[in-house]
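This report concerns only the one structure given below.
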Amino acid sequence: MVYELIIVGGSASAVAAGIYAARRKLNFIIISKDFGGEVANSGEIENYPGFVKTTGIELSEKFKKHLASHNVFPETGIEVKNIKQENNRFILEADKIGKAVVYEAKSVIIATGVRPRQLGIPGEEKFRGKGVSYCTVCDGPLFRNKIVATIGGGNSALESVLMLSQIASKVYLITINSELAGENTLIDKVKADKKIEIICNVNTKKIIGEQLGGGLEYKEKESSQTKRLKVDGIFVHIGHLPNSQMVDLTEKNKFGEIIVDRLGQTNIGGLFAAGDVTDIPYKQIAIATGMGVTAALSAVSYLNSN
Ligand SMILES: Cc1cc2nc3c(=O)[nH]c(=O)nc-3n(C[C@H](O)[C@H](O)[C@H](O)COP(=O)(O)OP(=O)(O)OC[C@H]3O[C@@H](n4cnc5c(N)ncnc54)[C@H](O)[C@@H]3O)c2cc1C
């Protein structure tokens with residue numbers, strides 16, 4: 001079967017694109033590794049219009065219900081590995097729970113978002129999933145009454161320590177910069193929280209110990225002194241990398257983000273991108289949904305004229 005449109009991704013931008021594609025009655029599917037993406041990992045959300053306060057998990061449930069109301073049920077467990085073009089069609093080569101599958105479409109929206117950046121220090125791989133986590137919402141509850149550290153200094157690190165302070169007995173926020181970045185409201189909350197201790201201007205050097213609970217070693221940038229911190233869990237929130245590796249056809253910027261114009265078009269006709277995977281500077285749910293809508297409407301225009 002040749003679909004009119006395939007949307008790759010299962011989060012904010014893909015959902016918004018899916019709602020518009022359904023209302024335009026396109027013959028389309030949504031395929032994704034998971035449903036919810038980074039939205040589901042977002043913890044408390046207080047800046048998505050219409051929702052004074054919600055959580056990432058609640059919002060992704062609402063996204064799912066909204067799609068279902070249009071009889072759209074994203075297929076998850078599918079990782080797109082390669083997107084190529086043959087005879088004016090897009091061929092998507094994917095892995096479906098260990099099995100190779102191929103999809104074909106006249107147009108594609110890439111809405112694959114980002115993945116967490118790693119520290120790249122000794123011990124990180126060894127303790128990954130065993131004390132080192134990249135998702136506070138997912139793993140934070142495992143550290144009740146324990147001592148934890150979050151590495152990073154932007155919004156997602158700030159949200160991480162605020163969540164952890166409700167669970168853990170002590171929370172360190174370790175940042176390479178001399179000051180915290182991110183939204184002032186979050187910074188104020190973090191600074192006011194007595195359980196959170198901020199350690200600025202340091203380089204995290206290694207995760208130590210033979211087993212979970214060893215801790216970490218960092219070097220103070222000013223004094224060059226190396227210090228150790230005994231912690232049970234380490235949460236890494238130092239930015240993200242775009243999930244754009246499955247496509248070589250499109251132009252990307254130096255960060256690997258897919259370059260799109262204001263209509264969500266890449267440099268290849270019929271191939272669109274939306275949300276955090278693109279070169280848009282601000283990575284937010286409201287922006288990702290808006291871009292998903294734009295990309296879907298652009299895909300409709302493309303299909304009508306090709
Ligand atoms: C800790 C944290 C807190 C945040 N808090 C907020 C907040 O309070 N407010 C706010 O507006 N934003 C917040 N954000 C940012 C927000 O989560 C993102 O802007 C938003 O999720 C982007 O949506 P997206 O659809 O572009 O991509 P994502 O949410 O990243 O989803 C990408 C989707 O693509 C799928 N995928 C990836 N690669 C492939 C592949 N090869 N094949 C198939 N599927 C694939 C993934 O499984 C996923 O479903 C936060 C982010 C984090 C990490």
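The values are calculated or read from the model by the stated rules, or taken from the named source; none is laboratory data. Remember, predicted model here, so these are calculated numbers, not experimental data. Cβ: placed from backbone, ideal geometry, glycine included. Neighbour counts: every protein chain shown.
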Handout entry: Pick from segment 196-212, criterion within 27 Å of the chain's Cα centre (by Cα) and part of a loop (DSSP other than H, G, I, E, B), ranking: nearest to residue 46 (Cα to Cα)
Key = 200
Exercise for the section: Starting from residues that are within 15 Å of the ligand (Cβ to nearest atom) and either among the acidic types (Asp, Glu) or crowded, with 22+ Cβ neighbours inside 10 Å (or both), keep the ones in segment 245-259 and report whichever is farthest from the chain's Cα centre (by Cα). Expected result: 248
Exercise for the section: Search segment 44-55 for residues being touching a helix residue (DSSP H, G or I) at 6+ places or on another chain (Cβ under 9 Å) and more than 6 Å from the ligand (Cβ to nearest atom), and hand back the single one that is modelled with the lowest pLDDT. Expected result: 44
Exercise for the section: Could you tell me whether residue 225 is loosely packed, with under 14 Cβ neighbours inside 10 Å, under 22 Å from residue 131 (Cβ atoms) and modelled with pLDDT of 95 or more? Expected result: no
Handout entry: Residues of segment 260-299 satisfying the condition of being surrounded by 16 or more Cβ atoms within 10 Å (Cβ to Cβ), away from the ligand (no atom under 15 Å from the Cβ) and aliphatic (A, V, I, L, M)
Key = 297, 299
Completion exercise
When every residue in segment 91-125 that is basic (Lys, Arg) and more than 22 Å from residue 164 (Cβ to Cβ) is compared, the one surrounded by the most Cβ atoms within 10 Å (Cβ to Cβ) is 106
Handout entry: Filtered residues of segment 270-306 (kept if outside any helix (DSSP H, G or I), of a type outside the set (Phe, Trp, Tyr) and more than 16 Å from residue 21 (Cα to Cα))
Key = 278, 279, 280, 281, 283, 284, 306
Handout entry: Odd one out for residue 268 among (1) modelled with pLDDT of 95 or more; (2) assigned by TED's automatic domain parsing to the domain that holds residue 36; (3) within 30 Å of residue 179 (Cβ to Cβ)
Key = (3)
Fill in the blank from the handout: Within segment 153-169, residues of a type in the set (Ser, Thr, Tyr), within 11 Å of the ligand (Cβ to nearest atom) and closer than 15 Å to residue 141 by Cβ come out as 160
